[in-house]
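J.: To start, I am sharing the structure in question, which I have written as structure tokens.
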Amino acid sequence: MMTNYLFSNHDTVALAEKYGTPLYVISEDIIRENLTKIINAFTKQNATYDINYAGKAFLNLAMCNIIKDMGVSLDVVSGGELYTAYMASFPMERVCLHGSNKTVEEIKMAIEYNIGKVIVDSKYELELLNAICEEHNHVMRVSIRVSPGVEAHTHEFIQTGKIDSKFGIPLKQVRDLFDFSKDLKNINIIGLHCHIGSQIIDEEPFLVTAEVMLNLMKELKEDGFSLTELNLGGGFGIPQMRHDASFNVDQYIEKLMSTVRRICSEIQLEVPKIVVEPGRYTVGTAGIV
Ligand SMILES: Cc1ncc(COP(=O)(O)O)c(C=O)c1O
């Protein structure tokens, strides 16, 4: 007797017969369920927030359409992803461009498509972006990626927020960078960004990071820079094996928002818009081969 294996209520044997193998099956329902959990968690906390889906996890026209429909924003790291978003008629003001080595062409594309924001990784890139924007008579909104010096309890290869990480500006150099940015007329720095790693199950490293970043925002405010946005990156873990624990988004957002509100009140800082960038959590459980 033939057993039918269901994935997201679809008969996988019938799908394989119809489309052939190897076959990659991605469930729109599961993607929507995963994103809905994050949206509901923020809504429950009455937070000002944004979700930037990390397109590096999986991006095509259909994926752009799903997140567009759900009001989720998009983080891209290449000209190819920018082009995909553009071709999907994704609202480009909801796109932000990441990457530790953006090319001149990618920056020009970002300006041409009038995207919402660039996450800047280094002083060199800040100057480059400013120069290209000046040529195009454009002012770009920017967030500065910071390496906050927090070690997430995940595999060392996917830790990205350590002090010696190649990603972002080391914590101690951020104020100097902002000082330097004063002369750059074609960029408008609106926030800070960090991403401490991937496949994180424990909330604690995120909460410690939030505290580090808020204190930095406070210092920058004292230096005359009022920032409105704090992007804490992605990294929400998913079960890899049958009995693995899952990241509890609802609990995380609850703890995060209460931590952010408490610290902001202690240090007298306006509560910033909180942004998260879940890639793996959004699609990692939504596909099979
Ligand atoms: C800057 C940034 N944001 C978000 C993500 C998404 O991470 P994850 O898929 O673990 O949520 C990554 C992954 O490398 C990243 O580098």
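Bear in mind that the values in this text are calculations on the coordinates, not laboratory data. Since the structure is predicted, the reported quantities are computational estimates derived from the model, not experimental observations. Positions of Cβ are backbone-derived with ideal geometry, glycine not excepted, and every protein chain shown enters the neighbour counts.
J.: I want the antiparallel fraction of DSSP beta bridges within the range 27-288, as a percent rounded to 5.
T.: 5
J.: With each pseudo-label sitting 7 Å past Cα toward Cβ, what's the D202-I267 distance in nm, one decimal?
T.: Simple spin-label model gives 2.3 nm for this pair.
J.: Just want the answer: with Cβ charges of +1 for Lys and Arg and -1 for Asp and Glu, which residue in I30, N46, I111 is farthest toward the dipole's positive end in the range 1-129?
T.: Going by the Cα projections, it comes out as N46.
J.: Next up: Tell me, in nm to one decimal, what length is gained between M70 and H10 on full extension, where the rule is 0.36 nm per residue of separation less the Cα-Cα distance?
T.: 19.3 nm
J.: Give the value in nm², to one decimal: projected area of the alpha carbon convex hull of the range 27-288, averaged over all directions.
T.: Computed as one quarter of the Cα hull surface, the answer is 13.2 nm².
J.: If packing is taken as the average number of other Cβ atoms within 10 Å across a peptide's residues, how do 51-60, 213-222 rank, most packed first?
T.: Per-residue mean Cβ counts within 10 Å order the peptides as 51-60, 213-222.
J.: To continue, here is another question. Whole-Hz ³J(HN,Hα) for each residue in the range 250-264, computed from phi via Karplus 6.51 cos²θ - 1.76 cosθ + 1.60 with θ = phi - 60°, x for glycine and proline: what do you get?
T.: So the J values, rounded to whole Hz, are 4, 5, 4, 5, 4, 5, 4, 5, 6, 5, 4, 5, 5, 5, 4.
J.: Per DSSP H run of at least 4 residues, take -39500 (n - 2.57); add these up for the chain, divide by its residues and hand me the 222 nm value, nearest 500 deg cm²/dmol.
T.: Details: 10 runs with 116 residues, N = 289.
Calculated from helices alone, the mean residue ellipticity at 222 nm is -12500 deg cm²/dmol.
J.: Net charge around Q45, counting only other residues with Cβ within less than 15 Å of its Cβ (Lys, Arg = +1; Asp, Glu = -1)?
T.: +2
J.: In addition: With a 10 Å cut-off between alpha carbons and a GNM built on the chain, which of H243, H138, H98 moves the most?
T.: Residue with maximal mean-square fluctuation among H243, H138, H98: H243.
J.: Around D250, under 9 Å between beta carbons, what's the net of Lys plus Arg minus Asp minus Glu among the other residues?
T.: Here the count lands on +1.
J.: Taking the Cα centre of the range 27-288 as the origin, how large is its charge dipole in debye, to the nearest 20, when only Lys and Arg (+1) and Asp and Glu (-1) carry charge on their Cβ atoms? List each step's numbers first, then the result.
T.: Values: 26 positive and 36 negative charges, 47 e Å.
Rounded to the nearest 20 debye, it is 220 debye.
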